[in-house]
Amino acid sequence: MSHAPTHRNLLDGPAPVRLPAEPDVDAAIARGDDAFALAGAHPASSLPWALLAEATLREGGEHAAVTAYAFARTGYHRGLDALRRAGWRGQGPIPADHVPNQGFLRALLALSRAASLIGEDGEAERCAQFLVDSGTSADEVGALAG
């Protein structure tokens with residue numbers, strides 16, 4: 001006689017985390033609002049900080065790596081806060097195809113890149129591994145920035 005299991009398979013791992021939408025942030029981006037203004041108006045959102053970090057890395061300059069690192073670290077920490085509020089417990093998928101997750105993932109990638117530029121190789125590697133552990137890759141997240 002066979003019995004179907006009545007409990008969840010604990011080996012499956014945690015469910016993917018999907019952050020809530022941020023319609024005000026999305027609308028501001030669609031209007032073309034300045035990233036600095038966007039970060040000031042929505043400091044708890046990862047996406048404005050990721051946009052600032054990405055732009056700073058693209059533009060370069062004498063202090064670009066340090067400035068991008070600061071922007072990216074802010075976005076990363078704001079994203080961790082949001083992930084925890086959404087039920088994330090430190091592991092499991094953070095799907096890159098879910099648009100609200102992309103700000104955090106982009107900040108994480110920018111943090112990895114900026115950390116590498118300032119010689120903080122351990123941090124760069126941890127961030128790159130975090131992307132993989134989240135079920136994505138630097139290439140997939142990098143493509144989101146356009």
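The C-beta contact set for the range 125-139 (first residue farther than 12 Å from A110 by Cβ and of a type in the set (K, R), second residue at pLDDT 95 or above and in a helix (DSSP H, G or I), distance under 9 angstrom, 6+ apart or interchain) comprises R126/S112; R126/A115. Kindly establish whether L57 is within 16 Å of Q102 (Cα to Cα) and modelled with pLDDT of 95 or more. For L57, the condition - within 16 Å of Q102 (Cα to Cα) and modelled with pLDDT of 95 or more - is not met. List every residue pair whose Cβ atoms sit under 8 Å apart, with the two residues 6 or more apart in sequence or on different chains, where the first one lies in the range 59-73 and is aliphatic (A, V, I, L, M) and the second, anywhere, is surrounded by fewer than 17 Cβ atoms within 10 Å (Cβ to Cβ) and at pLDDT below 95. Nothing qualifies.
Of all residues in the range 50-80, exactly one satisfies the criterion of being within 12 Å of the chain's Cα centre (by Cα) and surrounded by fewer than 16 Cβ atoms within 10 Å (Cβ to Cβ), namely H77. Checking each residue in the range 26-52 for being closer than 20 Å to H98 by Cβ and in contact with a Leu (Cβ under 6 Å, 6 or more places away or on another chain) picks out A28, P48. Assess whether G122 counts as being over 16 Å from E54 (Cβ atoms) and at pLDDT below 95. When the stated conditions are applied, G122 does not pass them.
Residue by residue through the range 121-146, note down the ones that are under 14 Å from the mean Cα position of the chain (by Cα), surrounded by fewer than 17 Cβ atoms within 10 Å (Cβ to Cβ) and in a helix (DSSP H, G or I). Answer for the range 121-146, where residues must be under 14 Å from the mean Cα position of the chain (by Cα), surrounded by fewer than 17 Cβ atoms within 10 Å (Cβ to Cβ) and in a helix (DSSP H, G or I): R126, Q129, V132, D133, A138, D139, E140, G142, A143. Within the range 84-139, the set of residues being closer than 26 Å to A65 by Cα and of a type in the set (S, T, N, Q) comprises N101, Q102, S112, S116, Q129, S134, T136, S137.
The values are calculated or read from the model by the stated rules, or taken from the named source; none is laboratory data. Just so it is clear, the model here is predicted, and its values are computed rather than measured. Positions of Cβ are backbone-derived with ideal geometry, glycine not excepted, and every protein chain shown enters the neighbour counts.
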